[in-house]
Amino acid sequence: LVEESYARIKEVDGEVQAFLTLNEEGARTQAKELEANADAEAKLFGLPIGIKDNIVTKGLRTTAASQLLSNLEDPLYDATVVQKLQNEKAVTIGKINMDEFAMGSSNENSSFQATRNPWNTDHVPGGSSGGSAAAVAAGEVPFSLGTDTGGSIRQPASYCGVVGLKPTYGRVSRFGLIAFASSLDQIGPLTKSVEDNAYVLETIAGHDKMDSTSANVEVPSYTDALTGDVSDLKIAVPKEYFAEGVDEEVKASVRAALKKYEELGATWEEVSLPHSKYALSTYYLISSSEASANLARFDGVRYGRRADNAETMIDMFKQSRSEGFGDEVKRRIMLGTFALSSGYYDAYYKKAQQVRTLIKNDFDKIFEDYDVVIGPTAPTPAFKVGEQMDNPLTMYANDILTIPVNLAGVPGISVPCGFAENGLPIGLQIIGKHFDESTVYRAAHAFE
Ligand code: GLN
């Protein structure tokens, strides 16, 4: 399997450009050791995995697709998720491209390369985990890890026709994840099928004493939840998810999916998430504020590549950050620093936190009567490379349907539900109650 994975990467990655760093020597050594000591008990025995490059891997270059970290060749430890995959004998094939520090929706913000959509390489794979979605869609690895702060697993899964889950906030340890917005970030699996996805989540989920925000909640068997029976399922469909800006083709595919659920015996009703119209502005204030604080450590001293020719210490900080960060990262740092500054804090950051609570309350209220919320993952199929690069606001709008889920902290999955006329995949989003990934998976699996 490991050899097959590298053979496929050699065949297609020149075009897809999903991988930043390959672990060929390490993976081959590990595969040989596994062959010598077959351990049928290990859940992911010998299975190749690709890891998004903001997840720290011991001894394997980890850059978050930033020039600033381009010299981080030899990290000292593994993220908890990587350790857990190793315990189950998965083999790390390599590190995967992304938008720099996970800021973006198309992979075009990577400072190294722009991953392409394997269905049509004129189009983007989505982002920020675009490389993780493309690598699975192109058959380079059977599964990968991505991260989702505002949609970065689900939106690329939708664009590339694969399955991607953002777990409940706190379900999966963030120890060893290079933080973007700590109150929103979650690591999750991207796979070809719902069953594979459930299988991987079982391996990486659970409490971790190294991450104080990881929840001490029991991890059930997610694969056991895949019964195929959804006859008891009560589905809520928010009318805001069919608003202006959502493509007719996307709406039609989601309506067809709801029909299929009816045939399977489930029931659905229209509901409202009245505060979702504030989600995008709330998200960009909160996530940029947290990013400005998290990225302060990348100063060329504590972390990051140091500028060569600075004369004073202050110049050295300035130059290291000016040279190391790309435009989008700088934009977020400026916005976040402004929103947190004295005199503006109450008007922006505090207000955004209050609206965040209202958005969470909207979901809580719906989940009193329904098991899952269903709608599109993204307003459109994958757009063309270059098409949205000159307007950050257009780019931000791609996440309008995924962001409320991160603000509320609930789990959400994207599963393929059809194709647009131009042949590109469309994704269905299924959102569940806090820590109820089981019902999300059951609903997604029955539909698949
Ligand atoms: N595209 C969104 C952003 O740029 C979401 C990113 C993410 O989920 N990491 O912030």
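Values quoted throughout were computed directly from the atomic coordinates according to the rules given, and no laboratory measurement underlies them. Computed from a predicted model, the values in this text were never measured in an experiment. Counting neighbours? That spans all protein chains shown, and the Cβs are built from the backbone with ideal geometry, glycine included.
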> Exposure proxy check: R356, R8 ranked by fewest other beta carbons within 10 Å?
Replying inline: R8, R356
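Order of 202-212, 143-153 by packing, highest average Cβ count within 10 Å first?
Details: 202-212: 17.5, 143-153: 30.0.
The densest-packed peptide leads the list: 143-153, 202-212.
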>> Sort D196, D99 by Cβ crowding within 10 Å, fewest neighbours at the top.
In response: D196, D99
> Among the DSSP beta bridges whose two residues both lie in the chain, what percent are antiparallel, rounded to the nearest 5?
Replying inline: 65 percent
>> Give me the percent relative contact order of the stretch 195-326, please, defined on Cα pairs under 8 angstrom at least 6 residues apart.
In response: 17 percent
>> Quick one: 3J(HN,Hα) in Hz for the stretch 82-95, Karplus 6.51/-1.76/1.60 with θ = phi - 60°, rounded, Gly and Pro as x.
In response: 5, 4, 5, 5, 5, 4, 9, 6, 6, 10, 6, 7, x, 9
> Which one of I314, G304, A243 is farthest out on the positive end of the charge dipole of the stretch 220-316, using unit charges on Cβ (Lys, Arg +1; Asp, Glu -1) and the Cα centre as origin?
Replying inline: I314
> Given H placed on each backbone N at 1.01 Å, which residues far from G146 in sequence or on other chains put an amide H within less than 5 Å of it?
Replying inline: G188, L190
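Using the per-residue mean of other Cβ atoms lying within 10 Å as a proxy for protection, in what order, highest first, do the peptides 380-392, 227-239, 58-70 fall?
By packing density, highest mean first, the sequence is 58-70, 380-392, 227-239.
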> If contacts are Cα pairs under 8 angstrom and at least 6 residues apart, what is the relative contact order of the chain in percent?
Replying inline: 18 percent
> Helix-derived [θ] at 222 nm for the chain: sum -39500 (n - 2.57) over DSSP H runs of at least 4, divide by residue count, nearest 500?
Replying inline: -11000 deg cm²/dmol
> Put a dot 7 Å past each Cα toward the Cβ at T394 and R28; how far apart are the dots in nm?
Replying inline: 4.6 nm
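If you count, for each residue, the other Cβ atoms within 10 Å and average over each peptide, how do 306-318, 263-275 line up from highest to lowest? Numbers along the way, then the final one.
Values: 306-318: 12.5, 263-275: 15.1.
Ranked by mean Cβ neighbours within 10 Å, highest first: 263-275, 306-318.
Pairs to check: K192/K277; K234/K351; K95/K277; K209/K330; K166/K318; K166/K239. Give those whose C-alpha atoms are more than 26 Å from each other in this structure.
Working: K192/K277 32 Å; K234/K351 33 Å; K95/K277 36 Å; K209/K330 33 Å; K166/K318 35 Å; K166/K239 22 Å.
With Cα atoms farther than 26 Å apart: K192/K277; K234/K351; K95/K277; K209/K330; K166/K318.
If you place +1 on the Cβ of every Lys and Arg, -1 on the Cβ of every Asp and Glu, and leave all else neutral, what size is the dipole of the chain about its Cα centre, to the nearest 20 Debye?
Working: 42 positive and 62 negative charges, 213 e Å.
That gives a dipole near 1020 debye.
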